[in-house]
Each structure stands twice: as structure tokens, then as C-alpha cells.
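*Asks:* After the C-alpha cells below, expect a handful of questions from me.
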Amino acid sequence: MSTVAVTGASGFIASCLVKCLLERGYNVKASVRYPNDPKKTHHLLALDGAKERLKLIKADLLEEGSFDSLVDGCVGVFHTASPFFFDTKDPQADLLDPALKGTLNILNSVAKTPSIKRVVLTSSEAAVSFNGTPLNEQTFVDETWWSDADYCRKNQLWYLVSKTIAEEAAWKFAKEKGIDLVTINPAAVLGPLLQPSLNTSCANIHNLISGAETFPNATYGFVNVKDVIDAHILAFETPSANGRYLMVERTAHHSEVVNILRELYPNFKLPEKASDDKPYAPTYNVSKKRAEELGVKFTPLKESIRQTVESLKENNHFKAPKKKKEAERASVMATVAVTGGSGFIASWIIKFLLQRGYAVKASVRYPDDPKKTHHLLALDGAKERLKLIKADLLEEGFNFGQKDLLEPAVKGTLNVLGSVAKTPSVKRVVLTSSEAAVCFTRTPRTPQVVIDETWFSDPDFCRENKLWYPLSKTLAESAAWEFAKEKGIDLITINPTMVIGPMLQPSLNTSSAAVLSMINGAETYADVSVGWVNVKDVANAHILAFENTKASGRYLMVERVAHFAEVVKMLRNLYPNFKTPEK
């Protein structure tokens, strides 16, 4: 297994980078200032694979030769270490020296280590966009741009100065010494935090949701930390990668960031006005071409903001402000029910519903079994707003026997709808159906065929081919629509395909088990193409279908269709050291 070095490993970007490198099978030597301080290193040592393949090494940016032992024996170096903050009384000591001298110190160590094939330097958009050229809707920034250090000094933009002079020095040194250097230039980085401390970019969001009276009259570029990590690894592993890679999903004024927060979290107290009365700083355009050609797929800003807030909550950096009594009473009235609450999809729906302030009544077969319910009871808000109720819905199982599927699916669905019909307070029912109730007909599925919500699986075709799971979902959904029409129930169905993504529940669901099989020694993969979708997208679809008054009918949830051979290829690219099936 190849060994790589990461500097500044306890930081926001570097922590996520170490995590992904370990997941890909690398041995990682990581520099930290305080390797014996568990508050700084616990999140790294707890990573999967850290015990076997992570070595923490003490190093100081300002100490010459400090990185020699770090890079020794490595094939690659990721230099992320550089201070990032704006408020400083001594910019030379706080920002400029650590950025410039630290970069040259690491490159000096690299120059003495012939085993190193490439260095990936974490620079910044701060080293690109700020040269006095007006930034507005007509401006298009790309990697040929450079920030002007003198312009930045004149305007006391010290962080921008530090990143600009450090990257300039790195390119000059690399050229002189023949070092293969690539730089990643991200804007303000958002997304989930691994480290316990609050980094500057996420602190900006934290400030907006923590009672700030105003928001900055400033426009920033934004990007998700996961995309930045992808860029670093792609830049290292792709032989043709070269030069600089801007990482900016898009720019946005803080007023838009606040509007996104208000849409996502309507009960949060958010600032209503800018910090000054000047015209809003305009947005500007930043090229994504090179990053996308490298293979980066950008996460939308709204999702990055949501991930940041959820991570702030999960890491106890933030607790949602208490609502006024009237709002609290309204929240208590907004009670929803979720059946099969301990399942894969349902667990995520409950998590998101609690986050949005709902009171949730969830049915489970074994409410007193902590193995089945602990992950639900541990959710934020569960203590106050989650009630588990024992119910036997003839719970549906995802296997392939006729008796085990048909009766539970149909009767379970009708049992729930029968209870709904007796409860006038229920405004809408969202039923988790499946793509299996849509696409299994006698029509051949070819690349030319486009399936949509008007399709319905053919029960006779399913019976003839012993497709019991598609048959169960088809019969259950058909019965649901018929019953809802008779009783005047407002029904919507969500029809997801193969659902994968992070699991909240302790047990292994069928879709995730299919992926596990391919990385767990399977000799072959299934010769079949299926649709795929992320569980978070499915959970969000359920909530949108409930909350959006215009929602109606069926909603297919398929990000795209892929043959298992393609899935295996993706796994091999992501985890080259895993044993995956060849045929």
C-alpha cells in the first residue's frame, strides 16, 4: 500500500482528506502540532483504518526540517497546513510567516525525498480573484487569474496576501527543483465537520444562525468540503492533472445564504438586514471547467449549507433557539406518523422530520428492544418529540418468497389507510412505494425507453416471472390508490429504486447488503442493471411531498440506472485496494 503525507491534519479540510485516504487504502503519515493532545487528535485516531495505517507526527510550519520525517518514504504529499482567519493584530506572525515559510519548509523536505511523485497544495480562491478587477455579474474568473499581493496589502486583506505569496513561492520553488506540483484553490468551504473545533468558514454559518443581528454585505464563493477532498485525491491520482484547479460551486451574497437558511430552517432566528446600507456586493462567475474535467461533481450550495448546519448541531456547536410559546404550541400540533420506524428509509425520514420541528409518532414492532430503537431515541429532538408505538403492520420484508411479501404489503397498506380513514385530522398520506411498482411490464427496457410515472408494473407479468417483490409493491400501491379514491384520502406515492447511502439503523438493509457483498469477497456480480438513488434524497422527497401543497400523484426516485459492472468499476476506482469481483 502506498504511503502519503498530509500536513495540518487536525484541520477541517485535512481531517476529511485523511479520512478519505484511509478509506482508499493508503498508509497516511499526518503532521499535527500536538499529537499527544486527544482533543486535537481523537477524531483522527477514531477513523476507520487509523489504528493500522495512520501515523501522527509532530511538526511545526516555522521549523526548518520539521517535515523531513513526515515525508520520508512517501510517494505523495498533501500540504493543507496554513492558518485561516481574518482578524489579526500581527498579520506577519499570524498569517504571512506560517503560510510562506511553512510552504517552503515542506517543499524543502520534498526536494530531499526522491520517492515523492507529486505534491498537492491546498491554496485558495483567495490567491486567484483579488487583483483590483471589479467582481460583478460580467466577471469570469478562471485559473489564469492571480490575486495581487500589493493590492491585498493596501486593503489589509492579510489572509489573501498569505495565500497569494505562499502559492507564488511554491510554484517558483517547484519549477527550480523539478517538483510535480498541483494546487487546489477552494473558496469558502462548507459541509460536515470531523474536527471538534469550529473552522472559519463554518463559523460564518454558525454566526448567522446564532442570533446575529446582521449579515455581512459580502459575496463569497462556496464549495463543499467533500468536493474539495475529491479534487485533492483526483489531482494526486490522475497522471495528467496539472496546474491549478479552482473549486467554487458558485458565488452568493450573504443575503442569499440567509434566505437559504430561512427556507431550510423556518424556525431559526436569522438576521434581517446587512451590516451596512451600501448596495449589495454583486455575485461573479468562477470557472468550473478544469475541476469538472478532472472529475469533480459539485454539491449544490443549498445542500452544503444544510450539511453544515446539521453537522454543527450533531457536534454540539449549536442548538436551535427556543421558539416562542405560540410556535411551540403550533409545533406540538404538527404531529406526523411514520410506520416501520426502525427501517433504513424510515429512520432518515424521522431524523429529518425531527430536525424540521415535527412531533413524530413512529410504529415499530419491538419498541422495548434497544437494538432496534437506540438509533431513533438518540436522534436530536427525540427525547421531546418522538414517541414509539408498538404496531403490527404485517411488516414487509425485502426478500423473494411469495408468502412473505404479498399479504404483508397489501394488508399492511390497507390497515394503515383504514386507520387514516377514521382520523379526520390526517391531511395527507405519503406512501413509500417503489420503482418495482412502475417498470416491470412486457415492454423491453432498452436505452431508448424512458420510464415515467405513468407506467405501472403488470401483476400478471410479475407472477409469470415469479417477481414477488415487484408484485407485492404493485398490488399494494394499486390497492392504496383504489382505497384512497373511495375514501377521499389525499395520497402521494414515492417510488424509489435501489436505495443506498449512510445507514442510521444498526441492521444491514438489502440495498446496502448488495454493495457490501461486492466489497466483501464476492466472486461475481449480478448481471443486471438497476436504478440507484441516495437515501437522503428519498427521505427529502417524502417530506417535500407532504409539505408541498401542490404535490400530487407518484414521484419516481431514480438518480440513474447502472449495471452492476459499472458499480464494481466505481468501487474499484474509489477503493483500489479492495477485493472486488471480476466477472
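The values are calculated or read from the model by the stated rules, or taken from the named source; none is laboratory data. The structure presented is a predicted model; accordingly, all values stated were derived computationally and were not measured. Here the Cβ positions follow ideal geometry from the backbone for every residue, glycine too, while neighbour counts run over all protein chains shown. The accessibility values were calculated without ligands, DNA or RNA, using every heavy atom of the protein model including side chains. Shrake-Rupley method; radii C 1.70, N 1.55, O 1.52, S 1.80 Å.
*Asks:* Between residues in the stretch 168-179 that are within 11 Å of Leu104 (Cβ to Cβ) and residues that are of a type in the set (Asp, Glu), which pairs lie under 9 Å by C-beta distance while being six or more apart or on different chains?
*Replies:* Short answer, once both residue conditions are applied: Ala174/Asp180.
*Asks:* Next up: Could you grab the pairs with beta carbons closer than 9 Å, sequence gap of 6+ or different chains, first residue in the stretch 212-224 and within 14 Å of Ala274 (Cβ to Cβ) and among the charged types (D, E, K, R), second one part of a strand (DSSP E or B) and open to solvent by 20 Å² or more (accessible area, probe 1.4 Å)?
*Replies:* Glu213/Lys273
*Asks:* Would you kindly identify the helices (runs of 4 or more DSSP H) lying entirely within the stretch 25-104 that contain at least 1 residues that are among the basic types (Lys, Arg)?
*Replies:* Values: elements: 38-45, 50-53, 68-71.
Here the list reads 38-45, 50-53.
*Asks:* Here's a follow-up. Testing Ser425 on (1) of a type in the set (Ser, Thr, Tyr); (2) in contact with a strand residue (DSSP E or B) (Cβ under 9 Å, 6 or more places away or on another chain); (3) open to solvent by less than 50 Å² (accessible area, probe 1.4 Å), one condition comes back false. Which one is that?
*Replies:* (3)
*Asks:* With the structure loaded, tell me whether Phe318 is in a helix (DSSP H, G or I) and either at pLDDT below 90 or over 18 Å from Cys202 (Cα atoms) (or both) or whether it fails that test. Before you say what the answer is, go through the steps one by one.
*Replies:* Values: in a helix (DSSP H, G or I): no; either at pLDDT below 90 or over 18 Å from Cys202 (Cα atoms) (or both): yes.
The answer is no for Phe318.
*Asks:* Residues in the stretch 381-420 that are crowded, with 17+ Cβ neighbours inside 10 Å, within 31 Å of the chain's Cα centre (by Cα) and modelled with pLDDT of 80 or more: how many?
*Replies:* Counting residues in the stretch 381-420 that are crowded, with 17+ Cβ neighbours inside 10 Å, within 31 Å of the chain's Cα centre (by Cα) and modelled with pLDDT of 80 or more gives 5.
*Asks:* Within the bounds of the stretch 497-515, is there any residue that is touching an Asp or Glu at 6+ places or on another chain (Cβ under 6 Å), surrounded by 20 or more Cβ atoms within 10 Å (Cβ to Cβ) and more than 24 Å from Ala337 (Cβ to Cβ)? Before you say what the answer is, go through the steps one by one.
*Replies:* Keep residues of the stretch 497-515 that are touching an Asp or Glu at 6+ places or on another chain (Cβ under 6 Å), which gives 497.
Going one step further and asking which of them are surrounded by 20 or more Cβ atoms within 10 Å (Cβ to Cβ), we end up with 497.
Cutting the leftovers down to more than 24 Å from Ala337 (Cβ to Cβ) gives us 497.
Within the stretch 497-515 (the criterion being touching an Asp or Glu at 6+ places or on another chain (Cβ under 6 Å), surrounded by 20 or more Cβ atoms within 10 Å (Cβ to Cβ) and more than 24 Å from Ala337 (Cβ to Cβ)), the answer is yes, since at least one residue qualifies.
*Asks:* Still on this structure, please answer the following. Residues in the stretch 518-529: is at least one without any contact (Cβ under 8 Å) to a residue 60 or more places away in the chain, in contact with a Leu (Cβ under 8 Å, 6 or more places away or on another chain) and among the aliphatic types (A, V, I, L, M)?
*Replies:* The answer is no, given that none of the residues of the stretch 518-529 is without any contact (Cβ under 8 Å) to a residue 60 or more places away in the chain, in contact with a Leu (Cβ under 8 Å, 6 or more places away or on another chain) and among the aliphatic types (A, V, I, L, M).
*Asks:* Out of everything in the stretch 220-241 that is aromatic (Phe, Trp, Tyr) and under 20 Å from Ala14 (Cα atoms), what residue ends up being most open to solvent (accessible area, probe 1.4 Å)? It would help to see each step written out before you state the result.
*Replies:* At the first step, the residues of the stretch 220-241 found to be aromatic (Phe, Trp, Tyr) are 220, 222, 236.
Keeping just the survivors that are under 20 Å from Ala14 (Cα atoms) gives 222, 236.
Numbers: Phe222: 4, Phe236: 33 Å².
Here the residue is Phe236.
*Asks:* Please go through (1) open to solvent by less than 60 Å² (accessible area, probe 1.4 Å); (2) in a loop (DSSP other than H, G, I, E, B) for Thr308 and return the number of the only condition it doesn't satisfy.
*Replies:* (2)
*Asks:* Let me ask another. Restricting the stretch 429-448 to residues that are over 13 Å from Gly531 (Cβ atoms) and out of contact with any strand residue (DSSP E or B) (no Cβ under 8 Å at 6 or more places or on another chain), which is least open to solvent (accessible area, probe 1.4 Å)?
*Replies:* The residue in question is Thr441.
*Asks:* Would you tally the residues in the stretch 524-560 being among the aliphatic types (A, V, I, L, M), at pLDDT 90 or above and open to solvent by 30 Å² or more (accessible area, probe 1.4 Å)?
*Replies:* Residues meeting the conditions: 4.
*Asks:* Name the strands (runs of 3 or more DSSP E) wholly inside the stretch 117-219 in which the number of residues that are open to solvent by 20 Å² or more (accessible area, probe 1.4 Å) and closer than 30 Å to Ser240 by Cα is 2 or more. It would help to see each step written out before you state the result.
*Replies:* Details: elements: 118-122, 181-186, 188-190.
In the stretch 117-219, no matching strands (runs of 3 or more DSSP E) lie anywhere.
*Asks:* Which residues, counting only those in the stretch 117-139, are in contact (Cβ under 8 Å) with a residue 60 or more places away in the chain and β-branched (Val, Ile, Thr)?
*Replies:* Val119, Val120, Thr122, Val128, Thr139
*Asks:* Further question on the same structure: What residue, among those in the stretch 32-58 that are open to solvent by less than 30 Å² (accessible area, probe 1.4 Å) and in contact with an Asp or Glu (Cβ under 9 Å, 6 or more places away or on another chain), is nearest to Gly73 (Cα to Cα)? Write out each step before concluding.
*Replies:* Here is the first cut: in the stretch 32-58, the residues open to solvent by less than 30 Å² (accessible area, probe 1.4 Å) are 32, 41, 43-44, 47, 49-50, 54, 57.
When the remaining residues are screened for being in contact with an Asp or Glu (Cβ under 9 Å, 6 or more places away or on another chain), the result is 47, 49.
On the way: Leu47: 22, Gly49: 19 Å.
My answer is Gly49.
*Asks:* Something else now. In the stretch 505-556, how many residues are part of a strand (DSSP E or B) and under 28 Å from Pro581 (Cα atoms)? Can you show your working first?
*Replies:* Just the residues of the stretch 505-556 that are part of a strand (DSSP E or B), to begin with: 529-534, 553-556.
Remaining after also requiring under 28 Å from Pro581 (Cα atoms): 529-534.
Here the count works out to 6.
*Asks:* Let me ask you something else. Scan the stretch 449-469 for residues that are over 26 Å from Ser419 (Cβ atoms) and either touching a strand residue (DSSP E or B) at 6+ places or on another chain (Cβ under 8 Å) or assigned to a loop (DSSP other than H, G, I, E, B) (or both) and jot them down.
*Replies:* Across the stretch 449-469, the qualifying residues are Val449, Val450, Ile451, Asp452, Glu453, Thr454, Trp455, Ser457, Asp458, Asn465, Lys466, Leu467.
*Asks:* Regarding the stretch 266-285, can at least one residue be identified that is assigned to a helix (DSSP H, G or I) and open to solvent by 30 Å² or more (accessible area, probe 1.4 Å)?
*Replies:* Looking only at the stretch 266-285, we keep the residues that are assigned to a helix (DSSP H, G or I), and these are none.
No, the stretch 266-285 contains no residue that is assigned to a helix (DSSP H, G or I) and open to solvent by 30 Å² or more (accessible area, probe 1.4 Å).
*Asks:* So is Ser472 of a type in the set (Gly, Ala, Ser) and either in contact with a strand residue (DSSP E or B) (Cβ under 7 Å, 6 or more places away or on another chain) or free of Cβ contacts under 8 Å to residues at least 60 places away in the same chain (or both) or not? Please lay out each step first, then the result.
*Replies:* Details: of a type in the set (Gly, Ala, Ser): yes; either in contact with a strand residue (DSSP E or B) (Cβ under 7 Å, 6 or more places away or on another chain) or free of Cβ contacts under 8 Å to residues at least 60 places away in the same chain (or both): no.
The answer is no for Ser472.
*Asks:* Still on this model: Name the pairs whose Cβ atoms lie under 7 Å apart, with the first residue in the stretch 357-383 and part of a helix (DSSP H, G or I), the second aromatic (Phe, Trp, Tyr), and 6 or more positions between them or separate chains?
*Replies:* If the second residue must be aromatic (Phe, Trp, Tyr), the pairs left are Lys372/Tyr366.
*Asks:* Any idea which residue in the stretch 568-583 is most open to solvent (accessible area, probe 1.4 Å), counting only those that are in contact with a helix residue (DSSP H, G or I) (Cβ under 7 Å, 6 or more places away or on another chain) and not in a loop (DSSP other than H, G, I, E, B)?
*Replies:* Ranking the candidates gives Leu571 first.
*Asks:* Please determine whether any residue of the stretch 563-582 is under 22 Å from the mean Cα position of the chain (by Cα) and either modelled with pLDDT under 85 or among the small types (Gly, Ala, Ser) (or both).
*Replies:* No.
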